[in-house]
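Worksheet: one structure, shown below.
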4 protein chains.
Amino acid sequence: MSAVKKDVLTIAGRDYMSRLIIGTGKYADYQQNADALDASGAEIVTVAVRRVNLSDPSAPMLADFIDPDDTTYLPNTAGCFTGEDAVRTLRLAREAGGWDLVKLEVLSDPKHLYPDMEETLRAMKLLKEDGFDVMVYCSDDPVFTRKLEDMGAAAIMPLGAPIGSGLGIQNPVNIRLIIEQSSVPVIVDAGVGTASDATIAMELGCDGVLMNTAIAEAKDPIRMARAMKHAVIAGREAYLAGRMPKKRYADPSSPLAGLI
Amino acid sequence: MSAVKKDVLTIAGRDYMSRLIIGTGKYADYQQNADALDASGAEIVTVAVRRVNLSDPSAPMLADFIDPDDTTYLPNTAGCFTGEDAVRTLRLAREAGGWDLVKLEVLSDPKHLYPDMEETLRAMKLLKEDGFDVMVYCSDDPVFTRKLEDMGAAAIMPLGAPIGSGLGIQNPVNIRLIIEQSSVPVIVDAGVGTASDATIAMELGCDGVLMNTAIAEAKDPIRMARAMKHAVIAGREAYLAGRMPKKRYADPSSPLAGLI
Amino acid sequence: MSAVKKDVLTIAGRDYMSRLIIGTGKYADYQQNADALDASGAEIVTVAVRRVNLSDPSAPMLADFIDPDDTTYLPNTAGCFTGEDAVRTLRLAREAGGWDLVKLEVLSDPKHLYPDMEETLRAMKLLKEDGFDVMVYCSDDPVFTRKLEDMGAAAIMPLGAPIGSGLGIQNPVNIRLIIEQSSVPVIVDAGVGTASDATIAMELGCDGVLMNTAIAEAKDPIRMARAMKHAVIAGREAYLAGRMPKKRYADPSSPLAGLI
Amino acid sequence: MSAVKKDVLTIAGRDYMSRLIIGTGKYADYQQNADALDASGAEIVTVAVRRVNLSDPSAPMLADFIDPDDTTYLPNTAGCFTGEDAVRTLRLAREAGGWDLVKLEVLSDPKHLYPDMEETLRAMKLLKEDGFDVMVYCSDDPVFTRKLEDMGAAAIMPLGAPIGSGLGIQNPVNIRLIIEQSSVPVIVDAGVGTASDATIAMELGCDGVLMNTAIAEAKDPIRMARAMKHAVIAGREAYLAGRMPKKRYADPSSPLAGLI
């Protein structure tokens, strides 16, 4: 069992036991968010710098519910549609909280919220020059994930399906190609709708899964958070265990040769 | 969390916390089988009466590795191709071990090992007259699962795909129809190949999953057994939590209205 | 091209060039039905004996629009829920129109309209004794299609999905198993929703496809009938042509070796 | 029927009746290529300028088998890995054959042959300045297809799956998003393996399909070319006809209300 203990996820030099990252949007309140975090076993929460109150002590603060000493805060640039916007936002985050490990997302059309990869590359370059460790939300195009890795991304975060759609991983071929060629963690970000979507992502060989809506908009978010904890472990363990081959025909469970 | 404790699987009046049932074929040896059982958290193992040594004390016995006092033994009729064969086999099992809760399977062509449902119904009738509690391996045809339930089956066990194929659930439409109309437990039996297959079965609303090859023929059976434990819990919890609706377009995780 | 001419579908000794069979329910009127037939290129229409007016000369008659001398009428037992009902209905059809080639369907629960295979086998036996050539709507269970063939069925007609659902073929594994073991025509009956569903059925190796709702409830039934004509030809030709193997990686269309 | 006649595909001001474009690589010889073209009904062939002999009269020439007066030659840049390479290649093509309508592809890693979208955009700009009408092989990322359209692309040609893989359309969500937002033709390029893949592409609303390996590497390429002709028509007609809605439960083909 000690082998299992060693299966850590390392991002920018920090080790995590959990391979699930959850968000902080769409919850009923901060308490529910904290309860979901607890049920999920996640050690990282991602926070939209432009939305969540990180610094006004007169209003409720997320940090009163989720302790930044226990949980890694991963500031993100949700709502940024240009590279400059994204860079400015993350600089503010660093000033406010000292966070160096950040998640970059530069969005395009609100209809699909896909990343604009040209803008993303531009912002990535600026952030690296500023000394950030950058996890990057990106399309599932292996050409761009390669470029991001070459630029020093701390993690590649391809989308599985449009943000908030809950459609599950649309293109496992691309995700597999990305995993095969990457030496930094690959974390599916966006598209997970239910537990099996997360399990499938991990079975493909992803290093982790980030999700928000799938938990926050389940009928019972806390219970779904718990489901996701198990789903990610199940997929990871199945990946490491090595599945049986698929067969076109039946194969008896109980070999019958030599029976009386 | 007390709500979770109450989510038991009840079969023929007995309560189980685990919704995973594993087999006893294809393992390297009884010790590996016992280790897999331990890792899986299963409380029921199914045993091919015609294959496993249940009564010869001079040869290694499964019961020396898996204690029948701790784990429910579910004798099955693997290798039986007629109703009479199946009935005779289960009567022997009852004499040998006193088992009343049994799994009936009457197979047909070795190429696909589908159940012969006419023979299955005939055997079912005889077994009920004999006072057995009968869990029944069956096709995924809702007409026959209805008949089995009307005849007093203790559980309906439709196949997900051919035995040992690892193809996953082929016809979720049928499984859903069966679940909607059944008031006894519905347990997918056969076809699971990896963790996500089990999660998907449970998300459809199945009450449990039975598998053998997926664990025994994984590269690391013990690790896969652990994966399956989590997979079944993940699917069950996701089903109870109630997943988010799927959407055709994106929906921002962090609502941006009212941002500065 | 002469090879193509020889690719006929032979049912009960009669040859057909088209592998598409269409229904006569749900159309706006008989004229639209006849136009759809024309656009589809089908040579067989199936007719619910209990619904369509085949004998009352004072009301509009299907035969005034679709000439039984040009198109094979295939009487069916839609609406029959017992074997006796089905047999009685087809005897009436024979008296009314002299039809010997018939389609048997014995339905069960209206929710899914799956065949009751026990009743179907019983009716099949009676119809064979009466000298009918029987095409049989059945589940996609290869055990039962084998029994039907052994009893002398003129064609095996497994469902692809519930009647009228338009879900497409749910279980290609079963359809393939049935095709591999059958020596009479295998015709997918029920479940087709759009053209690609029919193409996929034919690519699996089916000998034909029967559909009703997919055409009759399309926004433009005549245009969909034309689509289906091409879809069935496309699938049949692709099956006979032998598709390329699937590959996990790219393979350049234009080999570049030896380029300047 | 006159409505069907008007369903033309217009690319850069030219009208085509066929929506299928085929390649000129991997065929046994030019004669087989010409026969496949004939069977496919295609009016456009795409030609790798760097591979096919377009100008050396001492060697066999494609133009001796496929008459450029009857069939549109679409020069492509297969084998180009930089924008400059691609532009130089197409200038040569224009000098050799006067072709203004061209297909741009700037490839990346041979393992997946995905386009490098940054290089593609750069080449696109240069080609527009040179006055070419440019059809563009691209990823299925709607952000980039929008940019290509804004730059004046004559057609958007997203990949369905890796070139030569035959895996079929991997991400219908993306293809649909691209179709919804585009006002120039959208033609799936790469990934088709069999007839139903082409039908599915057209049912999504694509304006056309380009393929090479699916035909050239079928066991019988001529027969597969014919299959593809029908597959594209089937999908187009089904799209225009408007398919029936999918239903979760059965819906009788022959309404039984009012039966005797």
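Miscellaneous remarks
- Where labels lie 7 Å past Cα in the beta-carbon direction, separation of B:Tyr249 and D:Asp15 in nm: 3.4
- A simple rule links phi to the HN-Hα coupling: the Karplus curve 6.51 cos²θ - 1.76 cosθ + 1.60 with θ = phi - 60°, which for the stretch B:93-107 gives 4, 5, 5, 6, x, x, 7, 9, 8, 9, 10, 8, 9, 10, 8 Hz, with x for Gly and Pro.
- Sorting the Cα pairs of the stretch C:130-194 by distance into bins of 10 Å, from 0 upward, gives 24, 52, 21, 2 percent per bin.
- For the protein assembly as shown, the antiparallel share of DSSP beta bridges with both residues in that region comes to about 15%.
- 3J(HN,Hα) along the stretch C:218-229, derived from phi through the Karplus expression 6.51 cos²θ - 1.76 cosθ + 1.60 where θ = phi - 60°, amounts to 5, 4, 10, x, 5, 5, 5, 4, 5, 4, 5, 4 Hz, with x in place of Gly and Pro.
- Efficiency of FRET from Cβ geometry, D:Glu180 and C:Met151, R₀ 45 Å, rounded to 0.05: 0.30
- For D:Thr10, inter-copy label distances in nm, listed shortest first [label point 7 Å out on the Cα-Cβ vector]: 5.2, 6.0, 7.0
- Per-residue average of Cβ from other chains inside 10 Å of A:199-209: 3
- Label 7 Å beyond Cα on the Cβ vector: D:Thr82 copy-to-copy distances, nm: 3.2, 7.9, 8.4
- Exercise: per-residue mean of other protein chain Cβ atoms within 10 Å, B:215-224: 5
- Distant-in-sequence amide contacts of D:His112, defined by a placed amide H-H separation under 5 Å and a gap of 5 or more residues or a different chain, comprise C:Ala250.
- Straight-line reach from B:Lys103: taking Cα to Cα under 13 Å and skipping same-chain neighbours fewer than 8 places apart, the aspartates and glutamates in range are B:Asp133, B:Asp189.
- Reachable aspartates and glutamates, given that their alpha-carbon falls under 13 Å from the alpha-carbon of D:Lys128 and they are not under 8 places away in the same chain: D:Asp100, D:Glu149, D:Asp150
- For C:Pro245, label point 7 Å along C-beta direction: distances to other copies, nm: 1.3, 4.5, 4.6
- Spacing of the two label points (7 Å from each Cα toward its C-beta) at B:Leu92 and A:Arg88, in nm: 8.1
- Taking 30 Å as the limit for the C-alpha separation, the pairs B:Lys125/C:Lys147; C:Lys247/D:Lys229; B:Lys246/D:Lys26; C:Lys111/C:Lys147; A:Lys229/B:Lys147; A:Lys111/C:Lys219 exceed it in the case of B:Lys246/D:Lys26; A:Lys229/B:Lys147.
- Efficiency of FRET from Cβ geometry, D:Asp29 and B:Ala28, R₀ 41 Å, rounded to 0.05: 0.15
- Contact order, relative form, for the stretch D:1-114: 20 percent (alpha carbon pairs under 8 Å, 6 or more residues apart, mean separation divided by residue count).
- Long-range HN-HN contacts of A:Asp133 with modeled amide H, under 5 Å: A:Leu101, A:Val102
- Under 9 Å, Cβ to Cβ, from C:Val184 - net charge with Lys/Arg +1 and Asp/Glu -1: -2
- Within straight-line cross-link reach of C:Lys6, aspartates and glutamates at Cα separation under 17 Å, skipping those fewer than 8 residues along the same chain: C:Asp15, C:Glu43, C:Asp207, C:Glu237, D:Asp220
- Among chain C residues, the beta-carbon with the smallest distance to the axis carrying C onto A is reported, with distance in whole Å, as C:Lys246, 7.
- From least to most packed, judged by other beta carbons within 10 angstrom and beginning with the fewest, B:Thr46, A:Thr199 follow the order B:Thr46, A:Thr199.
- The mean number of Cβ atoms from other chains found within 10 Å of a Cβ in peptide A:114-120 is 4, as a whole number.
- The angle between the Cα long axis of helix B:30-40 and the main principal axis of chain B comes to about 30°, on a 0 to 90 degree scale.
- Percent of Cα pairs exceeding the 23 Å cut-off, where the set is the stretch A:31-185: 39
- Residue list for the stretch A:181-223, given a label point 7 angstrom along the Cα-to-Cβ vector of A:Asp7 and an amide N cut-off under 16 Å: A:186, A:198-209
- If you take the Cα centroid of the stretch B:119-164 and the Cα centroid of the stretch A:45-88, the two points sit 56 Å apart.
- Close amide H pairs (under 5 Å, H built 1.01 Å from N) link D:Asp140 with D:Leu159, residues at least 5 positions away or on another chain.
- Exposure proxy ranking, count of Cβ atoms within 10 Å, fewest first, for A:Lys128, A:Lys26: A:Lys128, A:Lys26
- Between A:Glu129 and C:Asp220, the simple label model (points 7 Å from Cα in the Cβ direction) yields a spacing of 5.6 nm.
- Anisotropy class of the protein assembly as shown from Cα gyration tensor, a/c 1.5 cut: oblate
- Whole-Hz ³J(HN,Hα) from phi, Karplus 6.51 cos²θ - 1.76 cosθ + 1.60, for the stretch C:177-192, glycine and proline x: 4, 5, 4, 4, 9, 9, 10, 9, x, 10, 10, 5, 10, 5, x, 5
- Over the stretch A:173-260, relative contact order from alpha-carbon pairs under 8 Å, at least 6 apart, %: 27
Quick note: the coordinates plus some simple rules give every number you see, no bench work behind them. Predicted, not measured: the structure shown is a model, and the values here were computed from it. Ideal geometry is used to build each Cβ from the backbone, glycine not excepted, and the neighbour counts take in all protein chains shown.
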